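K.L.:
Encoded as structure tokens, here's the structure I'll be asking about.
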Amino acid sequence: MAKQRPAHERALISSFHPQWRMRVAATTEQGASMLSLIIGILIICVVGAICFWVIDKFVNESRLAGLLKLLVGLVCLAAILQRLLPLAGINWL
């Protein structure tokens, strides 16, 4: 029966293993890209909400306000889909 190494030695060896480094780097890059995606979507939502507020505040005609809100909503939706669809493998938008 082979002699087993202590746990602290196995941890030290596994931290220098090249595949372990690649896994850590991959998860770090994925986390950073996901955080960037979430921040981008949040910025789009905030800008859309500000546009809705400006439309409510300064547009007097209800039909025009409704059309502008619809336009802002569609533009925000398209911008969010543009960021989300590549994660699903759809790159045509």
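The values are calculated or read from the model by the stated rules, or taken from the named source; none is laboratory data. These figures come from a predicted structure and were not determined experimentally. Note: ideal-geometry Cβ built from the backbone for every residue, glycine included; neighbour counts use all protein chains shown.
K.L.:
Does the stretch 47-57 contain at least one residue that is of a type outside the set (Ser, Thr, Tyr), modelled with pLDDT under 95 and in a helix (DSSP H, G or I)?
P.N.:
Going through the stretch 47-57, the residues of a type outside the set (Ser, Thr, Tyr) turn out to be 47-57.
Still in the running and modelled with pLDDT under 95: none.
Within the stretch 47-57, none of the residues are of a type outside the set (Ser, Thr, Tyr), modelled with pLDDT under 95 and in a helix (DSSP H, G or I).
K.L.:
State which residue is surrounded by the most Cβ atoms within 10 Å (Cβ to Cβ) when the search covers only the stretch 67-93 and only residues that are among the β-branched types (Val, Ile, Thr) and in a helix (DSSP H, G or I). Outline the logic, then answer.
P.N.:
Filtering the stretch 67-93 for residues among the β-branched types (Val, Ile, Thr) gives 72, 75, 80, 90.
Keeping just the survivors that are in a helix (DSSP H, G or I) gives 72, 75, 80.
On the way: VAL72: 18, VAL75: 14, ILE80: 16.
Ranking the candidates gives VAL72 first.
K.L.:
Do we have VAL24 as modelled with pLDDT under 80, surrounded by 10 or more Cβ atoms within 10 Å (Cβ to Cβ) and of a type in the set (Val, Ile, Thr) here? Reasoning before the result, please.
P.N.:
Details: modelled with pLDDT under 80: yes; surrounded by 10 or more Cβ atoms within 10 Å (Cβ to Cβ): yes; of a type in the set (Val, Ile, Thr): yes.
Yes.
K.L.:
Keeping to the stretch 45-66, report how many residues are surrounded by 13 or more Cβ atoms within 10 Å (Cβ to Cβ) and of a type in the set (Gly, Ala, Ser).
P.N.:
Qualifying residue count, the stretch 45-66: 2.
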